[in-house]
Amino acid sequence: CADQLNQMGHRVTVFERADRAGGLLMYGIPNMKLDKKVVNRRVELMEKEGVVFKLDTEIGKNYPAVKLVNEFDAVVLCTGSTKPRMLTCEGADLKGVHYAVDFLKANTKSLLDSNLEDRMFISAEGKNVIVVGGGDTGTDCVGTSIRHGCKSVTQLEIMPELSEERMPNNPWPEWPKVLKTDYGQQEAIAVFGKDPRIYETTVKEFIKDDKGVLKQVKCVKLAWEKDEKTGRMKMSEIAGSEYVLDVDLVFIAAGFLGTQDYIAKDFELKLTE
């Protein structure tokens, strides 16, 4: 957005709450997927072309929205959807349960700051890791945990396993809804000899030891059926299908639920779901 407006002749300032510019590309995507030299090259080029970057500036916290609106002719909100979906089951607040975004951001920041020597990140070294979520963020958690030297890694996927071939109800030119084995799963297969994904399952409870530290997760298998009234697929737990996995670290990569509340509140925005 800043680049396009700048090319049109506007004077553009980008406000960034982190200590480096780039947003999701900087701290949300690991280096093995997107080297930060590429991001920095783009930022430096934009700076040479006249775009101003103000870092460590959090609108709605240390820079009021009303001040921003008064000082500029126009304001464009590009905050993304950064409020993570929480798990509501028992024990979700135990030590050892983390949001994927916190894990990935701290790891990349430590890597860029000190090549991981400052140890200012959540280490998966020698630990049994469970990743809740099967998307890109979950895959990045799997790949990062393997690079740390984790003891094991398991990825819990709420959806059924997809077919390797297109189904009749998914013809070209629709986006192919087929099974993909991304780099994280490929690396897990190479290191541990098996695909880390368990399909149609979810967490029922996080179990702690006598010191209050996470030690196991209780999971349950799911069944998916089409709702005849709405036509949508709905899930239900399969009775008696609970099972327990040993775990030291859990990373929740269950998606995001929209912009963070303080941004919308400071700009007095009305939000839909």
Legend entry - Residues of region 1-142: accessible area per residue with a 1.4 Å probe, Å²: 59
Inset, instruction - Taking a cut-off of 26 Å between Cα atoms, list the lysines near K265, but don't count ones fewer than 8 places away on the same chain. - result: K54, K61, K67, K83, K105
Inset, instruction - Would you mind telling me the share, in percent, of accessible area of the chain contributed by carbon and sulfur at probe 1.4 angstrom? - result: 52
Inset, instruction - Counting only DSSP beta bridges with both residues in the chain, tell me the antiparallel percent, nearest 5. - result: 45
Inset, instruction - Grab the beta carbon distance between Q7 and T88, set R0 = 45 Å, and tell me the FRET efficiency rounded to 0.05. - result: 0.45
Inset, instruction - Be a star and scan region 71-89 for residues whose amide nitrogen sits under 17 Å from the point 7 Å along the Cα-to-Cβ vector of K265. - result: 82-84
Inset, instruction - Starting from region 150-253, pick out the trypsin sites (Lys or Arg not before Pro) whose DSSP state is loop and whose Cβ has at most 11 other Cβ atoms within 10 Å. - result: K180, K194, K211, K229, R232
Inset, instruction - Would you work out which of S163, P84, G133 lies farthest towards the positive end of the dipole of the chain? Charges go on Cβ: Lys and Arg +1, Asp and Glu -1. - result: P84
Inset, instruction - Using a 10 angstrom cutoff on alpha carbons, build the Gaussian network for the chain and name the most mobile of L245, L45, L156. - result: L45
Inset, instruction - Could you check which residue among N170, N62, N40 shows the biggest mean-square fluctuation in a GNM of the chain with a 10 Å Cα cutoff? - result: N170
Inset, instruction - Quick one: dipole size for region 49-130, taken about the Cα centre, charges +1 on Lys/Arg Cβ and -1 on Asp/Glu Cβ, in debye to the nearest 20. - result: 240
Legend entry - Convex hull (Cα only) mean projected area of region 64-106, reported in nm² to one decimal: 5.0
Inset, instruction - Kindly provide the Kirkwood hydrodynamic radius of the chain in Å, to one decimal, from all pairs of distinct alpha carbon atoms. - result: 21.3
Inset, instruction - Identify which of G60, G134, G231 has the largest mean-square fluctuation in a Gaussian network model of the chain, with springs joining Cα atoms closer than 10 Å. - result: G231
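The values are calculated or read from the model by the stated rules, or taken from the named source; none is laboratory data. Being a predicted model, the structure only gives us computed values, none of them experimental. Glycine gets a Cβ as well: all are built from the backbone with ideal geometry, and neighbour counts include every protein chain shown. Remember, those area values only see protein heavy atoms, side chains included, never the ligands or the DNA or RNA. Shrake-Rupley method; radii C 1.70, N 1.55, O 1.52, S 1.80 Å.
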